[in-house]
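The values are calculated or read from the model by the stated rules, or taken from the named source; none is laboratory data. Note that the structure is predicted; figures quoted are calculated from it, not measured. These area figures cover heavy atoms from the full protein model, side chains too; ligands, DNA and RNA do not enter into them. Shrake-Rupley method; radii C 1.70, N 1.55, O 1.52, S 1.80 Å.
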Amino acid sequence: IRYVQVAGVRDVPADATAATVNFTVAGAAGWGYLTAWSCDSADSTVPDSSILNYDAGWVRANTQTIGLGANGGICVWSYTDIDLLVDTQGFFNSPSVHMYTEPSRVADDRGTNGLGDYNAGEVRRIEVDNDAVAAFVNLTVVDAKEWGFLTAWPCATEYDRVPDTSAANYDAGQTVANNSLVALNKGGFCVYSFGETGVIVDLMGTIGAGETSIVPVGSQRLVDTRSGAPTIDGRHAGGGIIEAGQTRVFQITGR
């Protein structure tokens with residue numbers, strides 16, 4: 001276990017209660033996974049959750065929003081030997097942003113666990129908190145049987161239309177994790193899987209209804225460079241492959 005100080009370092013203020021952090025694993029010695037959680041020192045108990053899965057030699061990254069311990073830090077644990085990069089991207093210090101001390105597993109649907117693997121094209125609703133407007137969740141695809149992707153969005157029922165977005169992409173045999181901030185509908189959200197796979201959902205925290213500075217919205221595709229692929233308003237649709245070394249500017253606000 002390694003302790004990493006976040007609050008009070010560079011642009012993150014000392015009173016920050018949570019931070020959005022990008023974790024990058026490099027040069028992994030073998031298969032494994034990474035776990036990160038709120039703590040006060042490296043003398044802490046490792047929670048039963050993962051934020052990033054990797055295989056030997058891989059370089060893989062994932063972004064998480066994590067609550068900070070009383071001293072403003074987090075703990076990181078790896079299943080096997082790795083090099084690790086930790087980059088801060090933002091912070092929260094609002095009392096309406098409630099981050100858990102450690103992730104809470106709200107769904108474990110794989111094999112014979114829970115409801116079992118998702119069938120291709122299946123939607124399941126996840127209940128979170130009726131007093132929250134959004135949730136920070138980590139979605140983990142486990143032992144996918146085929147190529148596919150997950151979509152997560154606020155829904156009233158599992159029969160709602162699935163939006164044209166993705167929250168995690170996977171190939172056959174892979175275990176892949178990705179973090180999402182998902183708006184909630186009556187305290188819950190839906191997860192759709194294109195292919196057959198096991199899915200784990202870990203709840204990292206919630207945003208309360210009293211928070212007005214953070215406005216969660218349903219997932220919307222703003223950019224798709226593939227030929228003929230749509231976006232929510234037709235802007236930045238197509239445009240072709242981003243070539244090596246090329247920079248493009250995409251408008252986000254006002255859409």
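Leaving out ligands and nucleic acids, note down the accessible area per residue over segment 167-255 with a 1.4 angstrom probe, in whole Å².
I get 52 Å² per residue for this part.
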Item to complete: Quick one: check the C-alpha center-to-center distance for segment 80-120 versus segment 194-255, whole angstrom.
Response: 19 Å
Discussion item. Need one word for segment 153-207: rounded, prolate or oblate. Basis is the Cα gyration tensor (sqrt eigenvalues a ≥ b ≥ c); a/c below 1.5 gives rounded, then a/b vs b/c decides.
Written reply: oblate
Item to complete: Identify which of VAL191, VAL123, VAL106 has the largest mean-square fluctuation in a Gaussian network model of the chain, with springs joining Cα atoms closer than 10 Å.
Response: VAL106
Discussion item. If you count only protein heavy atoms and use a 1.4 Å probe, how large is the accessible surface of CYS39, to the nearest 10 Å²?
Written reply: 10 Å²
Discussion item. Give me, ordered by chain and number, the residues 5 or more places off GLY218 or on other chains with an amide H under 5 Å from its own placed amide H.
Written reply: none
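Would you mind getting the accessible area per residue of segment 1-136, heavy atoms of the protein chains only, 1.4 Å probe, in Å²? Mind dumping the intermediate values first?
Details: 6700 Å² over 136 residues.
Solvent-accessible surface per residue comes out at 49 Å².
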Worksheet item: ³J(HN,Hα) across segment 49-55 via Karplus (A = 6.51, B = -1.76, C = 1.60, θ = phi - 60°), whole Hz, x for Gly/Pro?
Response: 7, 9, 10, 7, 10, 8, 10
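Given a 1.4 angstrom probe, I'd like the percentage of the accessible area of segment 27-172 that is carbon and sulfur, rounded to a whole number.
Ligands and nucleic acids excluded, carbon and sulfur give 45 percent.
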Item to complete: Give, in nm to one decimal, the length gained when the segment between ASP160 and ASP43 is fully stretched (0.36 nm per residue of separation minus the Cα-Cα distance).
Response: 37.6 nm
Fill in: Computed over segment 129-255: relative contact order in percent, which uses C-alpha pairs under 8 Å that are six or more apart
29 percent
Item to complete: Return the long-range amide H neighbours of PHE91 (sequence gap of 5 or more, or a different chain), with a cut-off of under 5 Å between placed amide H atoms.
Response: THR20
Worksheet item: Top mean-square fluctuation among ASP55, ASP224, ASP160, Gaussian network model of the chain, C-alpha springs under 10 Å?
Response: ASP224
Discussion item. I want to verify a result. In a Gaussian network model of the chain, Cα cutoff 10 Å, which of these has the top mean-square fluctuation: ALA167, ALA18, ALA209?
Written reply: ALA209
Worksheet item: Across segment 165-179, in residue order, what do the Karplus-derived ³J(HN,Hα) couplings come to in whole Hz, using 6.51 cos²θ - 1.76 cosθ + 1.60 with θ = phi - 60° and x for Gly and Pro?
Response: 9, 9, 10, 7, 10, 8, 10, 4, x, 8, 10, 9, 10, 8, 9
Discussion item. Could you work out the relative contact order of segment 19-120? I mean the mean sequence separation of Cα pairs under 8 Å and 6+ apart, divided by the number of residues, in percent.
Written reply: 37 percent
Discussion item. Can you give me the long-range amide H partners of TRP37? Hydrogens built in the peptide plane at 1.01 Å from N, cutoff under 5 Å, separation of 5 or more residues or another chain.
Written reply: CYS75
Discussion item. With θ taken as phi - 60° and the coefficients 6.51, -1.76 and 1.60, list the Karplus ³J(HN,Hα) couplings across segment 19-30 in order, rounded to whole Hz; mark glycine and proline as x.
Written reply: 9, 8, 10, 9, 9, 10, 9, 9, x, 4, 6, x
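Let a ≥ b ≥ c be the square roots of the eigenvalues of the Cα gyration tensor of segment 105-233; is it rounded (a/c under 1.5), or, if not, prolate (a/b larger than b/c) or oblate?
The shape class here is oblate.
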Worksheet item: Normalised by the residues of the chain, what does the relative contact order come to in percent, with Cα pairs under 8 Å and at least six apart?
Response: 19 percent
Worksheet entry | the chain: C-alpha gyration tensor shape, a/c 1.5 cut-off, then a/b vs b/c | rounded
